[in-house]
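As structure tokens, the structure follows; a few thoughts come after it.
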Amino acid sequence: MLMKPEPFFRILKELTERADRRPLIVYPSPQGKTFRQKNAIALARENHLIFLCGHYKGIDQRVVERWVDIEYSLGDYVITGGEPAVLVMIDAATRMIPGVLGDFDSARGDSFYDGVLDSPHYTRPESLDGRKVPELLASGHHKNIGIWRRAMGEFITSKRRPDLIHKIKAKPLTKTDADRKRKV
């Protein structure tokens, strides 16, 4: 099954003519570049997004060639439709918008935000089944806790995702996907 191009052309023409600035049009596809945290940050900076969802074999290639600015893949697997992929992208992007989470610093500490996996987190009780919360975390010394969290994040990243190690010193994202192919 393949989705026909005419309805896409008709609605996208209408939507883009109404907008002050052409929306970024995103298409989840196994052929796209892998969706990463930096892409979620870039999408969060966009004022107007349109997601196109294919089903089974997707949408007619002429729609992609004419309208799509960027294709993203969630990974090396195929799902039945684009809707679940879009939900993941929207969720990842909206949490990067200040005010969506109670504390934006929480998002800055998440895995992948700055290239490393997040550190472990603990809550009460301080001791459970012979396992204790690290003493430093109960100290209240925020600077030392921050240093510990970063060190643990780097350690966990080196053990579980060594492919990310070269990205640890990467600078925060400064450009959006505005450098993408915009077809106006």
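Put simply, of 76, 91 the only residue that is loosely packed, with under 13 Cβ neighbours inside 10 Å, farther than 21 Å from residue 24 by Cβ and of a type in the set (Asp, Glu) is 76.
Restricting 52, 43 to those that are among the hydrophobic types (A, V, I, L, M, F, W, C), within 14 Å of residue 9 (Cα to Cα) and assigned by TED's automatic domain parsing to the domain that holds residue 11 reduces the list to 52. If the condition is being in a helix (DSSP H, G or I) and under 29 Å from residue 45 (Cα atoms), then the range 119-146 contributes only 146. Of the set (1) in contact with a Pro (Cβ under 7 Å, 6 or more places away or on another chain); (2) buried (at least 17 other Cβ atoms within 10 Å of the Cβ); (3) farther than 18 Å from residue 91 by Cβ, all apply to residue 48 but (2). Against the list (1) surrounded by 12 or more Cβ atoms within 10 Å (Cβ to Cβ); (2) modelled with pLDDT under 95, the condition residue 162 fails is (1). For residue 116, state whether it is in a loop (DSSP other than H, G, I, E, B), in contact with a helix residue (DSSP H, G or I) (Cβ under 8 Å, 6 or more places away or on another chain) and surrounded by fewer than 15 Cβ atoms within 10 Å (Cβ to Cβ). For residue 116, the condition - in a loop (DSSP other than H, G, I, E, B), in contact with a helix residue (DSSP H, G or I) (Cβ under 8 Å, 6 or more places away or on another chain) and surrounded by fewer than 15 Cβ atoms within 10 Å (Cβ to Cβ) - is not met.
The values are calculated or read from the model by the stated rules, or taken from the named source; none is laboratory data. Keep in mind it's a predicted model, so treat the numbers as computed, not measured. As a convention, Cβ positions derive from the backbone with ideal geometry for all residues, glycine included, and neighbour counts pool all protein chains shown.
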